[in-house]
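The structure's right below; bear with me while I get my questions together.
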Amino acid sequence: MKIIHTGDVHLGSSMLALPTEKAKIRRVEIADTFRKLTVYAKESGVDAVLIAGDLFDGEKVSRAVVDETLATIRAAAPVRFFCVFGNHDGKTELGELPENLLLFPNTGRQTTYVLPERVTLTGIDGDALGGMDYQALQLPEDHYNIFVTHGEIANHTRRDQDVVCLPLLQNKNVDYLALGHIHVPTTGVERLDSRGKYRYCGCLEGRGFDECGVRGFFLLEIENGRLKDEKFLSLAKRTVQEVRVDISSCHTYFELESAALSAARSAGEENIIKLVLCGTYQENLRKDLSVLKTRLSDHAFFVKIEDCSKLRIDYEACKNDVSERGEFIREVKRYAMDESLREEILEVGLKALAGEEIDL
């Protein structure tokens with residue numbers, strides 16, 4: 001049988017990292033990516049989709065978003081969807097559920113479903129983890145046992161809400177611990193014990209600049225209680241990318257813009273880009289970041305510019321400079337302080353002396 005491990009879809013997210021109109025577009029795109037996943041599942045003969053929490057983004061998600069999501073799941077039958085609640089699902093009122101959507105009752109105890117091909121699926125909502133009876137977990141040795149929940153892994157045994165105590169799940173015949181909550185997919189093999197492993201699916205689509213890189217879901221194929229194949233797939237409309245541009249060799253704004261445009265194009269015009277200026281720059285280099293952002297806007301869905309470049313000053317050349325500029329540089333250099341603070345003071349001060357606009 002084929003099983004999809006996904007989660008952290010965050011349908012209805014406010015998308016605060018984006019401007020209002022771009023945020024509206026992204027909300028629709030993420031909903032569409034979830035719909036594409038359900039279509040893929042139905043057309044590819046997937047038997048079950050595990051949603052490891054945070055299908056929705058908060059209890060203020062509109063009724064329309066909830067109804068559309070339930071209709072999407074209903075249309076994917078006979079694929080069955082098994083969903084645990086995460087910390088962002090809140091008290092979302094789902095209403096009447098599709099027959100092919102199964103939840104894990106929030107009773108403080110784990111719930112188990114027995115699937116074909118000797119697969120056992122056990123799960124518990126993230127907010128019930130603190131009261132979970134790990135000792136009561138009894139999984140058949142001759143089955144492929146999946147445990148799905150939403151929380152942050154910990155190597156201690158202290159019971160907390162949204163915390164998965166790995167030591168308490170060891171030697172319980174867990175083969176695959178399907179986790180949600182961390183938005184970065186686990187690409188390597190993380191061992192739970194000698195038998196099992198754990199994995200975060202990551203979010204289905206990147207929403208903010210802390211979610212850079214490819215996002216998607218895992219597909220497992222299990223036959224007669226044994227894992228036959230597994231792979232990571234992506235149906236994302238866009239990716240969030242961080243692109244670094246070293247401006248050390250730029251002598252003019254136009255050279256800087258050319259380097260930035262080249263980097264933006266390489267990241268793909270359909271994507272969301274955080275462009276980071278780095279390296280050092282000479283004192284008289286004109287940056288004009290607002291102009292640069294406008295020029296770059298035609299080469300990406302959305303661009304954010306972060307300036308991490310450092311002012312390059314030739315202190316030796318300033319030794320005998322009798323101008324206000326020279327005196328200011330020597331005075332700042334005289335004091336002991338953190339170099340990042342010194343660079344910031346010098347940059348603001350030199351701009352002020354030159355009559356340039358200062359962004360604080």
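The values are calculated or read from the model by the stated rules, or taken from the named source; none is laboratory data. What you see is a predicted model; the values in this text were computed from it and never measured. Backbone-built Cβ (ideal geometry, glycine too); neighbour counts: all protein chains shown.
Applying the selection to the range 326-360, what residues are basic (Lys, Arg) and at pLDDT below 75?
Residue satisfying the conditions is Lys351 alone.
Residue-wise test of (1) in contact with a His (Cβ under 8 Å, 6 or more places away or on another chain); (2) in a helix (DSSP H, G or I).
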position: Thr38; (1), (2): no, yes
position: Ala41; (1), (2): no, yes
position: Val46; (1), (2): no, no
position: Leu50; (1), (2): yes, no
position: Asp54; (1), (2): yes, no
position: Gly58; (1), (2): yes, no
position: Val61; (1), (2): no, no
position: Asp67; (1), (2): no, yes
position: Pro78; (1), (2): no, no
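Does Ala17 fit the bill of being in the same structural domain as Tyr176 (by TED's automatic domain parsing) and either among the acidic types (Asp, Glu) or assigned to a helix (DSSP H, G or I) (or both)?
Against the criterion (in the same structural domain as Tyr176 (by TED's automatic domain parsing) and either among the acidic types (Asp, Glu) or assigned to a helix (DSSP H, G or I) (or both)), Ala17 does not qualify.
Do we find a residue being crowded, with 16+ Cβ neighbours inside 10 Å and either aromatic (Phe, Trp, Tyr) or free of Cβ contacts under 8 Å to residues at least 40 places away in the same chain (or both) anywhere in the range 199-208?
yes
Can you tell me which residues in the range 2-16 are more than 18 Å from Ile182 (Cβ to Cβ) and at pLDDT below 95?
Gly12, Ser14, Met15, Leu16
Can you go through Asn100, Asn106 and tell me which one is in the same structural domain as Arg195 (by TED's automatic domain parsing), over 23 Å from the mean Cα position of the chain (by Cα) and at pLDDT 90 or above?
Asn100
Quick check on the range 20-36. Is at least one of its residues touching a Leu at 6+ places or on another chain (Cβ under 9 Å), within 26 Å of Phe302 (Cα to Cα) and among the hydroxyl-bearing types (Ser, Thr, Tyr)?
Yes, the range 20-36 has at least one match.
Now for a different question. Could you name every one of the strands (runs of 3 or more DSSP E) located completely within the range 209-305 that has at least 2 residues being over 30 Å from Arg195 (Cβ atoms) and out of contact with any Phe, Trp or Tyr (no Cβ under 8 Å at 6 or more places or on another chain)?
So the answer is 240-246, 272-278, 280-282.
For a quick check of your reading of the model, give me the residue pairs whose first member lies in the range 280-306 and is in contact (Cβ under 8 Å) with a residue 24 or more places away in the chain and surrounded by fewer than 13 Cβ atoms within 10 Å (Cβ to Cβ), whose second is among the hydroxyl-bearing types (Ser, Thr, Tyr) and not in a helix (DSSP H, G or I), with beta-carbon atoms closer than 7 Å and at least 6 apart or on different chains.
Listed pairs, sorted by first residue: none to list.
When you go through Arg158, Arg244 one by one, which is the residue that is under 30 Å from Tyr281 (Cα atoms) and surrounded by fewer than 17 Cβ atoms within 10 Å (Cβ to Cβ)?
Arg244
Filter the range 88-112 down to the residues that are basic (Lys, Arg) and more than 11 Å from Gly123 (Cα to Cα) and list them by number.
Lys91
Within the range 63-92, can you find the residues that are surrounded by fewer than 20 Cβ atoms within 10 Å (Cβ to Cβ) and farther than 22 Å from His181 by Cα?
Hits for the range 63-92 are Arg63, Ala64, Asp67, Glu68, Ala71, Arg74, Ala75, Ala77, Pro78.
Still on this model: Could you list, ordered by first residue, the pairs with Cβ atoms under 6 Å in which the first is in the range 1-26 and under 15 Å from Thr92 (Cβ atoms) and the second is crowded, with 23+ Cβ neighbours inside 10 Å and charged (D, E, K, R), at least 6 apart or interchain?
Asp8/Asp54; His10/Asp54; His10/Asp57; Gly12/Asp57; Ser13/Asp57; Ser13/Arg207
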